[in-house]
Structures are given as structure tokens and as C-alpha cells.
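K.L.:
Structure provided below as C-alpha cells; questions to follow.
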Amino acid sequence: GLGDVYKRQEDIDALSILDNGNLVLSTDNDAQLGNLSFSEGDLVEYDISSKTASLFFDGSLFGEEMNIDAVNVNADGTIVLSTATEAVLAGLTFDEDDLISYDPATGMATHLFDGEGNFSLHENIDAVSMSPVPLPGAIWLVVTGLGLSGFQKMRKK
């Protein structure tokens, strides 16, 4: 399995499954998967059938060491992500309670979800999944500290 190709135990803290079945992942620290060494700010594509890893997103685009802790790769190739701390990507500054959309084809980043004003506290988004059919406002979030009771409270408002 995937764990067999790690040289040491690592924490996968962001994961997205591509339409072709390959995985796009980020780890909590710098790591090695197969013959590929990468940093916590990189996204790695892992081909399950060939058991090979390649760089999908180069974390050096942040300009400093960064930890991607939520990712979703959309069918159009755009990457929705969140980081563990404040970050800058393509000139856009965002916080750990924000989701941004990054288009590798154009090199542009835009705010998709701004946590300020939407959360009562300064939260850290740790996972994201996008609807396969683009619906206005159809973003499902799994957020640290926001359990089912939090979702129920949001639905009542």
C-alpha cells in the first residue's frame, strides 16, 4: 500500500483523489515518497497503479516554508487549498481559516471562502471537499472544532 513506499512514518494532512484515481497529497513535514523528496508545502501526485510519485504543486510558490493542510483538486485543474498559518500565494494573502482557489494555468489565486466574519473564532480549516457539480455556494467544510452540533446550529440559522 501507500504506507509501504514511505521511508519513515509521515502524517498525510491533505488529500484529494483525481478523476483518474491518482492521489494528490501533502504531509505535515518534509517527506519522501518512493524516490521523490518533497516539503510540507508541496503537493505530490501518487499514481497507485505504477506506485510512483511526482510533484503536483511546488510549495516554493509560497515564498517561504508553508504547510498545506486542506486540498481539493477540481476537474478543471484548479486547486482549492488552505494552509496551517497565514500565507501568500500569487500575491494573495490569506489566513488558516480561508480557502483559496489557485489556477496553475494562469498562476492566479482568489479567495473562495473567507473565514473572518464567518467563524466566531479564528478557526483552522483542515479538510475540504467540493461538490462534483458546480452549485452556487456548494462548499462542504470539515473544520477543526466544528462537529455535527456546529453544523446543526448553522442549519437552524
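The values are calculated or read from the model by the stated rules, or taken from the named source; none is laboratory data. Just so it is clear, the structure is predicted and the values come from calculations on it, not from any experiment. All Cβ positions, glycine included, derive from the backbone under ideal geometry; neighbour counts span all protein chains shown. Accessible surface areas use protein heavy atoms only, side chains included; no ligands, DNA or RNA. Shrake-Rupley method; radii C 1.70, N 1.55, O 1.52, S 1.80 Å.
K.L.:
Given the criteria under 19 Å from D13 (Cα atoms), β-branched (V, I, T) and in contact with a Phe, Trp or Tyr (Cβ under 7 Å, 6 or more places away or on another chain), does V44 qualify?
P.N.:
For V44, the condition - under 19 Å from D13 (Cα atoms), β-branched (V, I, T) and in contact with a Phe, Trp or Tyr (Cβ under 7 Å, 6 or more places away or on another chain) - is met.
K.L.:
If I filter the stretch 96-155 down to residues being under 18 Å from the mean Cα position of the chain (by Cα) and among the aromatic types (F, W, Y), which single residue comes out as modelled with the lowest pLDDT?
P.N.:
W140
K.L.:
Suppose we filter the stretch 84-93 for residues that are part of a loop (DSSP other than H, G, I, E, B), in contact with a Phe, Trp or Tyr (Cβ under 7 Å, 6 or more places away or on another chain) and either open to solvent by less than 30 Å² (accessible area, probe 1.4 Å) or under 10 Å from N67 (Cβ atoms) (or both); how many remain?
P.N.:
Result for the stretch 84-93: 0.
K.L.:
Report yes if some residue within the stretch 66-83 is closer than 16 Å to Y102 by Cβ, without any contact (Cβ under 8 Å) to a residue 24 or more places away in the chain, open to solvent by 30 Å² or more (accessible area, probe 1.4 Å) and of a type in the set (D, E); otherwise report no.
P.N.:
Within the stretch 66-83 (the criterion being closer than 16 Å to Y102 by Cβ, without any contact (Cβ under 8 Å) to a residue 24 or more places away in the chain, open to solvent by 30 Å² or more (accessible area, probe 1.4 Å) and of a type in the set (D, E)), the answer is yes, since at least one residue qualifies.
K.L.:
Taking E96 as meeting all but one of (1) in contact with a His (Cβ under 9 Å, 6 or more places away or on another chain); (2) open to solvent by 30 Å² or more (accessible area, probe 1.4 Å); (3) not in a loop (DSSP other than H, G, I, E, B), write down the number of the exception.
P.N.:
If we test E96 against (1) in contact with a His (Cβ under 9 Å, 6 or more places away or on another chain); (2) open to solvent by 30 Å² or more (accessible area, probe 1.4 Å); (3) not in a loop (DSSP other than H, G, I, E, B), just (3) comes out false.
K.L.:
Identify the single condition in (1) in contact with a strand residue (DSSP E or B) (Cβ under 9 Å, 6 or more places away or on another chain); (2) open to solvent by 20 Å² or more (accessible area, probe 1.4 Å); (3) not aromatic (F, W, Y) that S50 does not satisfy, given that it satisfies every other one.
P.N.:
(1)
K.L.:
Among the numbered criteria (1) part of a loop (DSSP other than H, G, I, E, B); (2) open to solvent by 20 Å² or more (accessible area, probe 1.4 Å), which single criterion is violated by E45?
P.N.:
All conditions are met except number (1).
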